[in-house]
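Right, one structure below, let's go through it.
Just so it is clear, none of the values below were taken in a lab; they were calculated from the coordinates. Keep in mind the model is a prediction, meaning the values are calculated, not measured. For neighbour counting, all protein chains shown are included, and Cβ atoms are generated from backbone atoms with ideal geometry for every residue, glycine included.
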DNA sequence: TCAATATACTACTATTTTAATAGTATTATA
DNA sequence: TATAATACTATTAAAATAGTAGTATATTGA
């Protein structure tokens, strides 16, 4: 039940783009520098974010990345869903065939309940929330 | 963010012991037969549950396992905590040193919030809840 | 005491996932 | 057309997961 580095790095990446939301596109290498993360690794992660419609890419010289929508419109559930591949903590939620015991399984109902709570938490948090928290932390320094 | 088979199998194992809570100790091989799980794998899992004080073991002939406390006294958080090793979805919750960016990290606050919600969910569900769900499912057949 | 039967412990292993790295292709701009 | 950015694909090292295997230890009853 660990969050992968993909989700963690990807969230930091999106935060970095949110900080520059009003400016033009940002180079991935600058994001990597700011967050001290591997360029090649982030370039894989950001493509998943692009596919999920969270960021937009501009290719070629003077290209870069920017958010595809406003920080308040991006939920943490979208980021984590795109980077973990799924939000489900057990497979049988999506594929009842994944487990032979599906129809008789009492535990499943509670795993699903927990899963719903996780999804709800992730849906209630937006990039704007994280951005404001970030600004509050930086003002304190 | 997947639940391991250890947690899933372990919960099914505990449910099986809860079904026989009033009777004497149960052989692990019978639990394996009932749930169609590997004996050797479950014998590792059940030791973690014993160490966590969830089950009691009786060695030797006519030995077996039973719950160490009443089904309503066993929270899902105990089972998952014992079998996942931790309930934390990110390392810096327990070890601030795990991440260099700890003090400046805005995401962390939200990961912690989600983590707290997961723990709360797991604490609200007891083995008795699962037991009753199991009985309801079996009556329906 | 000893055979039978249960758990306890330790080591090993195959597979999958994670977390990258590397190199090349493609696109857009000046 | 050179340059500088993203896009794509393959490879890899390390760690975690999900087991298997074998032996040791404890308990019971004959």
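Taking every residue in A:75-85 and counting other chain Cβ atoms within 10 Å of its Cβ, the average works out to 1. Just checking the listed ones, B:75, B:50, B:20: in the Gaussian network model of chain B with Cα springs under 10 Å, the one fluctuating most is B:20. Projected label points at residue B:68 and residue A:72, each 7 Å from Cα along the beta carbon direction, are separated by 5.1 nanometres. Rounded to the nearest angstrom and listed largest first, the equivalent-ellipsoid semi-axes of the protein assembly as shown from its Cα gyration tensor are 44, 19, 16. If the segment from residue B:30 to residue B:141 were pulled out straight at 0.36 nm per residue, it would be longer than the present Cα-Cα gap by 37.7 nm.
Working from Cα pairs under 8 Å separated by at least six residues, relative contact order for chain B is 27 percent. Any idea what % of Cα-Cα pairs in segment B:5-140 are farther than 22 Å? That fraction is 44 percent.
From the alpha carbon centroid of segment A:93-117 to that of segment B:102-141 is 14 Å. Copy-to-copy label distances for residue B:56, where each label lies 7 Å from Cα along Cα-to-Cβ, are 6.7 nm in order of increasing length. Expressed in Å, the radius of gyration and Dmax of the Cα atoms of segment A:93-141 are 18.4, 55.
What separates the Cα centres of segment A:21-76 and segment B:9-35 is a distance of 51 Å. Residues A:12, A:59, ranked from the fewest to the most other C-beta atoms within 10 Å, line up as A:59, A:12. Computed from Cα positions, the angle between helix B:5-19 and the longest principal axis of chain B comes to roughly 40 degrees. By the count of other C-beta atoms within 10 Å, a proxy for reagent exposure, B:1, A:58 are ordered fewest to most as A:58, B:1. Taking R0 as 22 Å, what FRET efficiency do you get between residue B:56 and residue B:128 from their Cβ-Cβ distance, rounded to the nearest 0.05? Between residue B:56 and residue B:128 the formula returns 0.80.
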